[in-house]
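Asks: Structure incoming, see below.
The values are calculated or read from the model by the stated rules, or taken from the named source; none is laboratory data. All figures in this text were calculated on a predicted structure; none of them were measured in a lab. Cβ atoms come from the backbone with ideal geometry, glycine included; neighbour counts cover every protein chain shown. Ligands, DNA and RNA are excluded from the accessible area calculation, which covers all protein heavy atoms including side chains. Shrake-Rupley method; radii C 1.70, N 1.55, O 1.52, S 1.80 Å.
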Amino acid sequence: VSTQSTGNVPKIKGTHNAMRSGMIAADTTFEGIISGELTMEKGTTLDSYREAVKKSEVYKELYACRNVRPSFCTPLGLWGGMAYTGLFYVVLGGREPWTLPHHGRDSDALQPAEGFQPIDYPKPDGKLTFDLLSSVALSGTNHEGDQPAHLTLMDDALPVERNLGTFDGPEQRFCPAGVYEYVALDDGEGSRLQINAQNCVHCKTCDIKCPSQNINWVVPEGGGGPGYNGM
């Protein structure tokens with residue numbers, strides 16, 4: 001269970017809900033095996049998990065803040081979102097009888113690179129700003145080299161044809177850990193997308209922001225990922 005999908009937006013917290021929902025998943029899976037509801041057939045759905053989550057504190061908390069993020073996407077903008085959140089979330093506890101819609105996916109908001117100028121960022125000074133790989137090292141992230149890949153492409157040709165050709169390879173910039181990079185082919189003719197899965201800090205930005213929705217992010221082997229021991 002990812003922290004992003006169980007995040008409380010106004011509190012900027014989601015780890016506690018990810019842990020709670022994971023515990024509920026474990027409990028309902030065990031109960032499903034004992035009762036015979038859960039089988040080893042591919043595609044089996046555990047309906048009792050959905051009901052268990054709805055009865056938990058996870059659902060109660062997330063339902064209360066369901067309208068916070070969409071409220072900032074109205075014509076009233078930032079101030080309208082702040083006023084809405086103050087009244088309906090802080091004062092009334094998210095009890096409004098309606099749910100505001102989200103206005104499209106983040107991946108659809110990306111625009112072609114030809115309409116923008118490249119940003120010339122200053123080099124990291126090692127005091128207030130730091131280079132990417134040094135920051136990744138501080139996260140303590142680690143994945144066993146022989147585990148199944150948790151980052152795969154649904155279409156190997158799409159990154160170069162569309163993402164690089166139209167959007168100038170946004171994977172290289174939206175990933176905070178340098179997992180994705182375009183490297184030249186051995187014959188010098190064109191490029192390919194290289195995935196450095198060992199660097200992954202499990203933010204799932206790639207799964208959300210890829211304009212082609214071509215990256216398949218799955219939960220990696222247990223125990224892998226960031227440790228943050230040096231931070």
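Asks: Accessible area of residue 154, 1.4 Å probe, to the nearest 10 Å²?
Replies: 130 Å²
Asks: Using Cα pairs under 8 angstrom and six or more residues apart, how large is the relative contact order of the stretch 17-131, in percent?
Replies: 17 percent
Asks: How long is the chain along each principal axis, judged by its Cα atoms, biggest number first, in Å?
Replies: Each principal axis gives a Cα extent; for the chain these are 57, 50, 37 Å.
Asks: If you don't mind, another one. Counting only helical runs of four or more DSSP H residues, what would the 222 nm mean residue ellipticity of the chain come to if each run contributes -39,500 (n - 2.57) and the total is spread over all its residues?
Replies: That comes out to -8000 deg cm²/dmol.
Asks: Hey, if you put +1 on the Cβ of every Lys and Arg and -1 on every Asp and Glu Cβ in the chain, which of 216, 178, 68 ends up farthest toward the positive end of that dipole?
Replies: Toward the positive end, the furthest listed residue is 68.
Asks: To the nearest 10 square angstrom, what accessible area does residue 89 show with a 1.4 Å probe?
Replies: Spelled out: residue 89, probe radius 1.4 Å, area about 50 Å².
Asks: Here is a further query. Residue separation times 0.36 nm, minus the C-alpha to C-alpha distance between residue 37 and residue 132: what's the value?
Replies: Extending this stretch completely gives an extra 29.5 nm.
Asks: So, R0 is 45 Å and r is the distance between the beta-carbons of residue 198 and residue 76; what FRET efficiency does that work out to, to 0.05?
Replies: Once rounded, the FRET efficiency stands at 0.50.
Asks: Would you mind working out the magnitude of the charge dipole of the chain relative to its Cα centre, with +1 at each Lys and Arg C-beta and -1 at each Asp and Glu C-beta, to the nearest 20 Debye?
Replies: Charge dipole of the chain: 1300 debye, to the nearest 20.
Asks: Which entries in 13/55; 55/209; 11/54; 13/60 show an alpha-carbon gap greater than 24 Å?
Replies: From the list (13/55; 55/209; 11/54; 13/60), the Cα-Cα distance tops 24 Å for 55/209.
Asks: Which three extents, in whole angstrom, do the alpha-carbon atoms of the stretch 1-105 cover along their principal axes, largest first?
Replies: 52, 26, 24
Asks: Once you put a point 7 Å from the Cα of residue 19 and another 7 Å from the Cα of residue 125, both along the Cβ direction, what distance in nm separates them?
Replies: Spacing of the two 7 Å Cα→Cβ label points: 3.8 nm.
Asks: With a Förster radius of 25 Å, plug the Cβ-Cβ distance of residue 47 and residue 12 into 1/(1 + (r/R0)^6) and report the FRET value to the nearest 0.05.
Replies: 0.20
Asks: Right, another one. Taking the Cα centre of the stretch 135-228 as origin and charging only Cβ (+1 Lys, Arg; -1 Asp, Glu), how large is the dipole, in debye to the nearest 20?
Replies: In total the dipole reaches around 460 debye.
Asks: Further, regarding this structure: Which one of 28, 10, 46 is farthest out on the positive end of the charge dipole of the stretch 1-71, using unit charges on Cβ (Lys, Arg +1; Asp, Glu -1) and the Cα centre as origin?
Replies: 10
Asks: Moving on. Dipole size in debye (nearest 20) for the stretch 89-139 around its Cα centre, Lys and Arg Cβ +1, Asp and Glu Cβ -1?
Replies: 240 debye
Asks: How much FRET efficiency would the formula 1/(1 + (r/R0)^6) give for residue 103 and residue 168, where r is the Cβ-Cβ distance and R0 is 35 Å, rounded to 0.05?
Replies: Using R0 = 35 Å, I get an efficiency of 0.90.
Asks: Considering every pair of different Cα atoms, what Kirkwood radius, in Å, is found for the stretch 60-179?
Replies: By the Kirkwood definition, the hydrodynamic radius is 18.9 Å.
Asks: Figure the gain on full extension for residue 181 and residue 30 (residue separation times 0.36 nm, minus the Cα-Cα span) and round it to one decimal in nm.
Replies: This chain segment gains 50.2 nm when fully extended.
Asks: Projecting each Cα onto the charge dipole of the stretch 76-231 (Lys/Arg +1, Asp/Glu -1 at the beta carbon, about the Cα centre), which of 164, 84, 194 comes out farthest on the positive side?
Replies: 84
Asks: Something else now. Full-extension gain between residue 96 and residue 55, please, as 0.36 nm times their residue separation minus the C-alpha to C-alpha distance.
Replies: Extra length from residue 96 to residue 55 when fully extended: 12.8 nm.
Asks: Roll a 1.4 Å probe over the protein heavy atoms and report the accessible area of residue 48 in Å², nearest 10.
Replies: About 40 Å², rounded to the nearest 10.
Asks: Further question: From the convex hull of the Cα coordinates of the stretch 140-214, what is the mean projected area in square nanometres?
Replies: 5.4 nm²
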